[in-house]
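The values are calculated or read from the model by the stated rules, or taken from the named source; none is laboratory data. Just so we're clear, the structure is a prediction, and the values are computed from it rather than from any experiment. Ideal geometry is used to build each Cβ from the backbone, glycine not excepted, and the neighbour counts take in all protein chains shown. Side chains included, ligands, DNA and RNA excluded: accessible areas come from the protein's heavy atoms. Shrake-Rupley method; radii C 1.70, N 1.55, O 1.52, S 1.80 Å.
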Amino acid sequence: MSYTIAISGKGGTGKTTISALITKNLIEKGKTPILVIDADPNSNLYYVLGVEKGETIGGVREDLLREVKSGKIPAGISKETIFELKFQSSILESKGFDLLTMGRPEGPGCYCYANLVLRRCIDELSKNYKFVIMDNEAGMEHLSRRTTQNIDDLLITSDSTPMGIITAGRIRDLVDELELRVDNIYLIINRSNPELNENLIELIKEKNLNLLGIIPEDENLIEYSLNEKSILDLPTDSLSFLAVNAIIQKLLI
Ligand SMILES: Nc1ncnc2c1ncn2[C@@H]1O[C@H](COP(=O)(O)OP(=O)(O)OP(=O)(O)O)[C@@H](O)[C@H]1O
Ligand SMILES: [Mg+2]
């Protein structure tokens, strides 16, 4: 069974960066193989991981539907087999991890069948990895349709503002509404001083959020982002990497 960590949170609060830092951390500890899933339609995880942009699952699904409509599916091969082959070819393999990029969500039309096959493909694929790391958009609606897998830890990211914490509370409530199977839900505050403001501490308590860790502003991350360098190459004494290391240790994985 793979151990699944999903990351969600308000826009721009560091979901993609933290997904990449967790991946780096697990690779350095030899906790591989890892399946990294970019479930944000505005896919940019490939970029911070320094790998090429592969085919997206959204693209595979659209191609298949187009081929079915135009009667281009070769005789004797099922739609499902073709989808599975295309799905396999969209997995980008790298050192210690494979990357699956979901891409655009469904447009208008009936996608029930494609989604059913897709979910089965993702569930089957996930079994081959020790860890699955999922970078999500703030809304988690698509997650329930993508996989039936249990999420071990959902990490909700926030900045050190009341709005970030309020959004984190909403995301947590959404998990309950969507009946997602999540074992633990934690809050991570990013780009903040270790000393949180009293009001913020009160708000976190009020929203019943479980603060797992604080990641400081990291000059190295800013430099890496500006110069388009892979987060996987970030020095291991970088403040953000050390903070993520402490967070992973708390998860006891
Ligand atoms: N701890 C940090 N120190 C310095 N810069 C950071 C830190 N965390 C994130 N950043 C920078 O902040 C920006 C936004 O981060 P990121 O893209 O990871 O956020 P996101 O939540 O994935 O955004 P989106 O909602 O657009 O997907 C990036 O330029 C990233 O390099
Ligand atoms: Mg992102």
Exercise. How many residues are touching a residue at least 60 places away in the same chain (Cβ under 8 Å) and crowded, with 24+ Cβ neighbours inside 10 Å when one looks only at region 49-71?
Worked result: 1
Problem set entry | The listed residue being open to solvent by 20 Å² or more (accessible area, probe 1.4 Å), at pLDDT below 90, under 30 Å from residue 235 (Cα atoms) and not basic (Lys, Arg), out of 41, 108, 74, 33 | 41
Exercise. Under 9 Å by Cβ, and 6 or more places apart or on different chains, what pairs join a residue from region 80-95 that is farther than 29 Å from residue 24 by Cα and open to solvent by less than 60 Å² (accessible area, probe 1.4 Å) with one that is modelled with pLDDT under 95 and part of a loop (DSSP other than H, G, I, E, B)?
Worked result: 82/73; 82/74
Exercise. Restricting attention to region 182-193, and to residues there that are of a type in the set (A, V, I, L, M) and open to solvent by 20 Å² or more (accessible area, probe 1.4 Å), which single residue is nearest to residue 10 (Cα to Cα)?
Worked result: 185
For this session: For residues that are of a type outside the set (Val, Ile, Thr) and within 13 Å of ligand 1 (Cβ to nearest atom), tally how many sit in region 19-47.
Result: 13
Exercise. Counting only residues that are open to solvent by 50 Å² or more (accessible area, probe 1.4 Å), charged (D, E, K, R) and not in a helix (DSSP H, G or I), how many does region 159-181 have?
Worked result: 2
For this session: Among what's in region 194-231 and is farther than 19 Å from residue 155 by Cα and more than 14 Å from ligand 1 (Cβ to nearest atom), pick the residue that is most open to solvent (accessible area, probe 1.4 Å).
Result: 195
For this session: Check residue 50 against each of (1) near ligand 1 (Cβ under 10 Å from one of its atoms); (2) at positive phi and name the one condition it does not meet.
Result: (1)
Exercise. Of all residues in region 121-151 being assigned to a helix (DSSP H, G or I) and either open to solvent by 50 Å² or more (accessible area, probe 1.4 Å) or at pLDDT below 75 (or both), which is nearest to ligand 2 (Cβ to nearest atom)?
Worked result: 143
